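A.B. asks: So that we are looking at the same thing, I have put the structure below in C-alpha cells.
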Amino acid sequence: MKKVVIIGAGPAGLTAAYTLLKNSEDFSVTIIEGSDKIGGISRTERYKRNHIDIGGHRFFSKNSEIMELWREILPLQGAPAKDDAILGRERAYTGGADPEKEDNVFLTRTRVSRIYYRHKFFDYPISLKPRTFINMGFLGTVKAGFGYLGSVFYKLPEDSLENFYVNRFGRPLYEMFFEDYTEKVWGVHPVKISADWGAQRVKGLSVGTVLKNALTRPFRKKDGKVETSLIEEFYYPKYGPGQLWERLAKIDSELGAELIMNSPVAAVNTEGGKICSVTLENGYDISCDYLISSMAIKDLVNALPFPPENVKRISDGLPYRDFITVGLLLNRLELVNKTKMKTINGSVPDCWIYIQDRSVKLGRLQIFNNWSPYMVDDIQEHVWVGLEYFCNEGDKMWTCSDKEFIDFSISELESIGVIKRENVVDSFMTRVKKAYPAYFGSYTEFDRVREYLDRFENLFCVGRNGQHRYNNMDHSMLTAIIAAKNIISGKTDKTEVWEVNTEKEYHEIDINNTGSDSK
C-alpha cells in the first residue's frame, strides 16, 4: 500500500483524502494540520452561541462533481429554517432534512450583497435598476455613461488591474466602485496589481454584460417562470462552512485517514528527485510515496532542502494579505430595509455589504443572521455582524490589542451610520494569516517557482495557498480531486491541476455574478 501525506486540513486537503479513499484501496492517507482548527480559512469560528464565517462562503459551483460531493457530506434542507418559519417565507425544498430538528443540513439561502457608497446602497454587481441611477445622481450617471462609452471605443493595455477594470466599466464606475475597495483588500493601488487577478475573479462581467442581462432577463424562462440560479439561491451549512469541513474530516477518518492536528511542518525531505518524507516541528518523521501540499508556497519552498537561490528569492517575495474579523453582537442596525424582502425586526437582507467609503478602513460587513438564523444566539433579539479588515501581519492593525481594535471598529461603523455604540451587546475578534495570495511583487516570476516544484514528480500543489492563486472553495477542491485522480492513475504531469481557475469562463460565472465571493 502506497503512502500519501497531505499537508493541510482545509477544503483541498480534506477533498484529496476523500477522493483517494473513496476511489482506491491502494493508498494509506495521513493529513497533517498545523493548527487546532479544521477548514483552513473556510472554517467557522465560535464565540459563545454565535458563529463567524471567515470571509463569507457561498456553497455553489457550476461543476456538478463538486455539487454532488457537497450533497454527499450534508443533506439538503426539506423544511423551513427558523427565520423562514417566522417570516412565512416559502422555498422550493429538494431535500429531506429539517433544520429545526437536525444539525447536519444544508440550508437554501438567498444571495443578497450590495455596495454601501456615500451612505446609499447599490446592487452588487451593479444593476441598471432606477434606484441605481437615482443614487448616483444625474451628473454621476452622465459621467458613468460617457466613461463607459469611452472604454468601448478605446481600450487600454491590460498591464494592470486598474486598466482591466477601466476597459470593462469605464473610469468613473471604476473610481466609484472598484478603486478604493481593491486598494483596501490588497494594500496597494490597482495600477500595481497584475491583471491576472481580474482575469480570474471578474471573468465575463462588464457593463455590456449587465446591459445584456437587463434586456434578456424577462425572456429567460423555465417552466413558465423566470429561472433563478443557485447564484441567487445557494447552499449553506446550518452552522457555517466549518461545519461541512469538520463533517468531511470525520468521514475521512472513518474511511481510514489519519488526521494529525497541531503539527506544523518543519521540513519536506527529498531523495532521488522525489519527496520521501515530511518532518514535523516535534521531530516526528512521516515517510510518503506522494505528497499533496496545500501549505503556502513560500513555506513549502523553505521546507525543501537547498532550493535554488532564485526560486527561494521569488517564493520569499510572494505577497499575501492577512485578515481580521471583528464580530459585534447588536441590539439593532441603524440601516433601514427599503427592499421588498422581509426580514426579522426590519434588518437589511444582505449577506454582506461592500463598504466603499474612503473615510474608513473597513472593507466589508457580513450580517450572519442572513447567512443562517442558527449563526446567532437569538435571531429575534440580536443582529450578529462581522467587520472585515485586510492587513499585513505585523502592521499597526495586526499588532493592535483586541480591545483597542474592537473599539476602533465600532467607531468606524458608527461614523458611516451603520450602528450606534450603545447597541453593542458583545464583541469578538479573530486574525487569519495568509488569507489572500496577492498578485504583485515577485508574483510576476511565479512560473519559475512552479517549474521547480513540478520537478518533484510525486509532489502535487493544491488549494489557494498551495498554488498561490485566489481560488474559491470549488476551485481548491477541483485541484485536489484532479491531483488525487492523477495519483490513482499514476499520472505525474501537473498541468491539469495548475490549469484549474485559469479558464476564460469562471465556474460560478453568471450574468448576475462576478465570482468574487470568498471564499
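A.B. asks: Quick check on my filter: what residues within segment 317-337 are outside any strand (DSSP E or B) and touching a residue at least 24 places away in the same chain (Cβ under 8 Å)?
C.D. replies: 317, 318, 319, 331, 332, 333, 334, 335
A.B. asks: Here's another thing I want to ask about it. Name every residue in segment 139-162 that is in a helix (DSSP H, G or I) and small (Gly, Ala, Ser), in order of residue number.
C.D. replies: Selection gives 140, 144, 145, 147, 150, 151.
A.B. asks: Of all residues in segment 115-133 being open to solvent by less than 30 Å² (accessible area, probe 1.4 Å) and touching a strand residue (DSSP E or B) at 6+ places or on another chain (Cβ under 9 Å), which is modelled with the lowest pLDDT?
C.D. replies: Here the answer is 125.
A.B. asks: Which of the strands (runs of 3 or more DSSP E) contained wholly in segment 1-119 include at least 2 residues that are more than 25 Å from the chain's Cα centre (by Cα)?
C.D. replies: Those strands (runs of 3 or more DSSP E) span 2-7, 27-32.
A.B. asks: Scan segment 299-316 residue by residue and report those that are part of a loop (DSSP other than H, G, I, E, B) and surrounded by 14 or more Cβ atoms within 10 Å (Cβ to Cβ). Before you say what the answer is, go through the steps one by one.
C.D. replies: Narrowing segment 299-316 to residues part of a loop (DSSP other than H, G, I, E, B): 304-308.
Those that are part of a loop (DSSP other than H, G, I, E, B) and surrounded by 14 or more Cβ atoms within 10 Å (Cβ to Cβ): 304, 307.
A.B. asks: Can I ask one more? Suppose we filter segment 226-239 for residues that are in contact with a Phe, Trp or Tyr (Cβ under 7 Å, 6 or more places away or on another chain) and either at pLDDT 80 or above or open to solvent by 10 Å² or more (accessible area, probe 1.4 Å) (or both); how many remain?
C.D. replies: 7
A.B. asks: Out of segment 246-297, which residues are under 28 Å from the mean Cα position of the chain (by Cα) and part of a loop (DSSP other than H, G, I, E, B)?
C.D. replies: 257, 261, 262, 263, 264, 294, 295, 296
A.B. asks: Does residue 89 qualify as being within 18 Å of residue 356 (Cβ to Cβ), touching an Asp or Glu at 6+ places or on another chain (Cβ under 9 Å) and open to solvent by 60 Å² or more (accessible area, probe 1.4 Å)?
C.D. replies: Against the criterion (within 18 Å of residue 356 (Cβ to Cβ), touching an Asp or Glu at 6+ places or on another chain (Cβ under 9 Å) and open to solvent by 60 Å² or more (accessible area, probe 1.4 Å)), residue 89 does not qualify.
A.B. asks: Within segment 96-106, is there a residue that is surrounded by 15 or more Cβ atoms within 10 Å (Cβ to Cβ) and within 25 Å of residue 500 (Cα to Cα)?
C.D. replies: Within segment 96-106, not a single residue is surrounded by 15 or more Cβ atoms within 10 Å (Cβ to Cβ) and within 25 Å of residue 500 (Cα to Cα).
A.B. asks: Looking at segment 444-459 only, could you name the residues that are in contact with a strand residue (DSSP E or B) (Cβ under 9 Å, 6 or more places away or on another chain), surrounded by 21 or more Cβ atoms within 10 Å (Cβ to Cβ) and closer than 19 Å to residue 470 by Cβ?
C.D. replies: The one that is in contact with a strand residue (DSSP E or B) (Cβ under 9 Å, 6 or more places away or on another chain), surrounded by 21 or more Cβ atoms within 10 Å (Cβ to Cβ) and closer than 19 Å to residue 470 by Cβ: 453.
A.B. asks: Would you say residue 455 is basic (Lys, Arg) and within 28 Å of residue 273 (Cα to Cα)? Full working, then the answer.
C.D. replies: Details: basic (Lys, Arg): yes; within 28 Å of residue 273 (Cα to Cα): yes.
Here the answer is yes, as residue 455 does meet what is asked.
A.B. asks: Could we say that residue 477 is open to solvent by 10 Å² or more (accessible area, probe 1.4 Å), closer than 30 Å to residue 301 by Cβ, touching a residue at least 12 places away in the same chain (Cβ under 8 Å) and among the hydrophobic types (A, V, I, L, M, F, W, C) here? Full working, then the answer.
C.D. replies: Working: open to solvent by 10 Å² or more (accessible area, probe 1.4 Å): no; closer than 30 Å to residue 301 by Cβ: yes; touching a residue at least 12 places away in the same chain (Cβ under 8 Å): yes; among the hydrophobic types (A, V, I, L, M, F, W, C): yes.
The answer is no for residue 477.
A.B. asks: Could you check segment 40-57 and list, in sequence order, the residues that are modelled with pLDDT under 95 and open to solvent by less than 10 Å² (accessible area, probe 1.4 Å)?
C.D. replies: 42, 54, 55, 56, 57, listed by residue number.
A.B. asks: Next question, about the same structure. Out of segment 142-196, which residues are out of contact with any helix residue (DSSP H, G or I) (no Cβ under 7 Å at 6 or more places or on another chain), among the hydrophobic types (A, V, I, L, M, F, W, C) and surrounded by fewer than 19 Cβ atoms within 10 Å (Cβ to Cβ)?
C.D. replies: Listed by number, the residues that qualify are 142, 146, 149, 152, 153, 188.
The values are calculated or read from the model by the stated rules, or taken from the named source; none is laboratory data. Values in this document were obtained by computation on a predicted structure and should not be read as measured data. Note that each Cβ is placed from the backbone with ideal geometry, even for glycine, and that neighbours are counted across all protein chains shown. Side chains included, ligands, DNA and RNA excluded: accessible areas come from the protein's heavy atoms. Shrake-Rupley method; radii C 1.70, N 1.55, O 1.52, S 1.80 Å.
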